[in-house]
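The values are calculated or read from the model by the stated rules, or taken from the named source; none is laboratory data. Remember, predicted model here, so these are calculated numbers, not experimental data. In this analysis, Cβ positions are derived from the backbone assuming ideal geometry, glycine residues included, and neighbour counts consider all displayed protein chains.
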Amino acid sequence: MKMPKAVTILGRKFKVVVVSPEKMKAMTGLDLSGAMNFTKRLILIEDSHSKEDMIVTLHHEVAHVVQFITGLAQVTDPNMAEIWCESMANGFLDLHKAIR
Ligand SMILES: [Zn+2]
């Protein structure tokens, strides 16, 4: 699986940018593996992890996008949202391994 430069999720195109840990911290103020800015239609993936972990992180950020578009993000406790996104990310990665 390769890292795409952009993804279209429920009709909205998001740019995917792989960044160094330093750049992630500079852009978000936090040490994160991934980040999503819905307003800027931007997904950031930090590059110090394995390729598979970076793909899981992309799946996780896409799950956040789905939550925002569907309104789930607005009604879900943030901790529950993180659990949901990580669960979906790993579930879909398992599926992708089975069908590729
Ligand atoms: Zn998250």
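From the list MET88, MET24, MET1, MET80, the one residue that fits, being assigned to a helix (DSSP H, G or I) and either more than 14 Å from the chain's Cα centre (by Cα) or basic (Lys, Arg) (or both), is MET80. For region 24-48, a residue qualifies if it is among the polar types (S, T, N, Q) and either modelled with pLDDT under 95 or over 11 Å from GLU61 (Cα atoms) (or both), and the qualifying residues are THR28, THR39, SER48. Among residues of region 33-57 that are within 15 Å of the ligand (Cβ to nearest atom) and part of a helix (DSSP H, G or I), those with a Cβ under 7 angstrom from a residue that is at pLDDT 95 or above and polar (S, T, N, Q), sequence gap 6+ or separate chain, pair up as THR57/SER33. One residue stands out among those in region 58-100 that are exposed (fewer than 14 other Cβ atoms within 10 Å of the Cβ) and acidic (Asp, Glu): the one that is nearest to the ligand (Cβ to nearest atom), which is ASP77. Scanning region 58-77 for residues that are outside any helix (DSSP H, G or I) and either within 22 Å of GLY11 (Cβ to Cβ) or in contact (Cβ under 8 Å) with a residue 40 or more places away in the chain (or both) returns GLY71, THR76. Look at LEU44 and say whether it is over 13 Å from the mean Cα position of the chain (by Cα) and of a type outside the set (Ser, Thr, Tyr). In short, no.
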